[in-house]
1. For the range 2-25, which positions are exposed (fewer than 15 other Cβ atoms within 10 Å of the Cβ) and either at positive phi or without any contact (Cβ under 8 Å) to a residue 60 or more places away in the chain (or both)?
2. Taking the range 70-99, which residues are free of Cβ contacts under 8 Å to residues at least 60 places away in the same chain, in contact with a strand residue (DSSP E or B) (Cβ under 8 Å, 6 or more places away or on another chain) and closer than 20 Å to residue 58 by Cβ?
3. Give the residues of the range 100-118 that are closer than 19 Å to residue 19 by Cα and in contact with a strand residue (DSSP E or B) (Cβ under 8 Å, 6 or more places away or on another chain), sorted by residue number.
4. Which residue pairs have Cβ atoms closer than 6 Å, lie 6 or more positions apart in sequence or on different chains, and pair a first residue in the range 100-112 that is on the phi < 0 side of the Ramachandran plot with a second residue that is part of a loop (DSSP other than H, G, I, E, B) and at pLDDT 95 or above?
5. Say we look at the range 113-140 and pick out the residues that are over 18 Å from residue 42 (Cβ atoms), assigned to a strand (DSSP E or B) and free of Cβ contacts under 8 Å to residues at least 60 places away in the same chain; which of these is nearest to the chain's Cα centre (by Cα)?
6. Take residue 138 and tell me if it is modelled with pLDDT under 95 and either out of contact with any helix residue (DSSP H, G or I) (no Cβ under 9 Å at 6 or more places or on another chain) or closer than 19 Å to residue 2 by Cβ (or both).
7. Only helices (runs of 4 or more DSSP H) wholly contained in the range 1-110 count here; list those with 3 or more residues that are under 20 Å from residue 124 (Cα atoms).
8. Quick one: would you say residue 33 is over 17 Å from residue 95 (Cα atoms) and touching a strand residue (DSSP E or B) at 6+ places or on another chain (Cβ under 6 Å)?
């Protein structure tokens, strides 16, 4: 972790929502999801917020050797976003506790605030992390 990674870091991230990020695409195997409205899926919204936080910190860590993984989300999803709208995420790194990062988040789709809350990420050594995941997947 570089000294430039400090609480108070603010960032903006924007993404145009494609049809492929709507509810029916989240789990194509699910007949329930297939019957639901074509609006930004909560699962994709969470991923978008993770992406925004990842990009915000990557220049402050030794990416890609050092990375961050999501460890917590406390986010509302309070308005529907149809495809074609741009979601803008405004974030702030609120605190750093050891290797744990806490972000506050507000997301807006140009019409409504669609999400507010917090996201936690943890700084990892990618090689060590991937080795542990490999071992876990190969336990007899």
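The values are calculated or read from the model by the stated rules, or taken from the named source; none is laboratory data. If you're wondering where the values come from, they're calculated on a predicted model, not measured in any experiment. Here the Cβ is made from the backbone with ideal geometry for all residues, glycine too, and neighbour counts use every protein chain on show.
1. Once the filter is applied, which keeps residues that are exposed (fewer than 15 other Cβ atoms within 10 Å of the Cβ) and either at positive phi or without any contact (Cβ under 8 Å) to a residue 60 or more places away in the chain (or both), the range 2-25 yields 3, 4, 8, 20.
2. First pass over the range 70-99, keeping only residues free of Cβ contacts under 8 Å to residues at least 60 places away in the same chain: 70-80, 97-98.
If we keep only those that are in contact with a strand residue (DSSP E or B) (Cβ under 8 Å, 6 or more places away or on another chain) too, we end up with 70-80.
Scanning the range 70-99 gives 70, 71, 72, 73.
3. 107, 108, 109, 110, 114
4. From residues that are on the phi < 0 side of the Ramachandran plot, the pairs are 109/81; 109/85; 112/79.
5. Checked the range 113-140; the qualifying residue nearest to the chain's Cα centre (by Cα) is 122.
6. Details: modelled with pLDDT under 95: yes; either out of contact with any helix residue (DSSP H, G or I) (no Cβ under 9 Å at 6 or more places or on another chain) or closer than 19 Å to residue 2 by Cβ (or both): yes.
For residue 138, the condition - modelled with pLDDT under 95 and either out of contact with any helix residue (DSSP H, G or I) (no Cβ under 9 Å at 6 or more places or on another chain) or closer than 19 Å to residue 2 by Cβ (or both) - is met.
7. Working: elements: 23-26, 31-34, 42-58.
Where helices (runs of 4 or more DSSP H) fall fully within the range 1-110 and carry at least 3 residues being under 20 Å from residue 124 (Cα atoms), they are 42-58.
8. Working: over 17 Å from residue 95 (Cα atoms): yes; touching a strand residue (DSSP E or B) at 6+ places or on another chain (Cβ under 6 Å): no.
Spelling it out, it is not the case that residue 33 is over 17 Å from residue 95 (Cα atoms) and touching a strand residue (DSSP E or B) at 6+ places or on another chain (Cβ under 6 Å).
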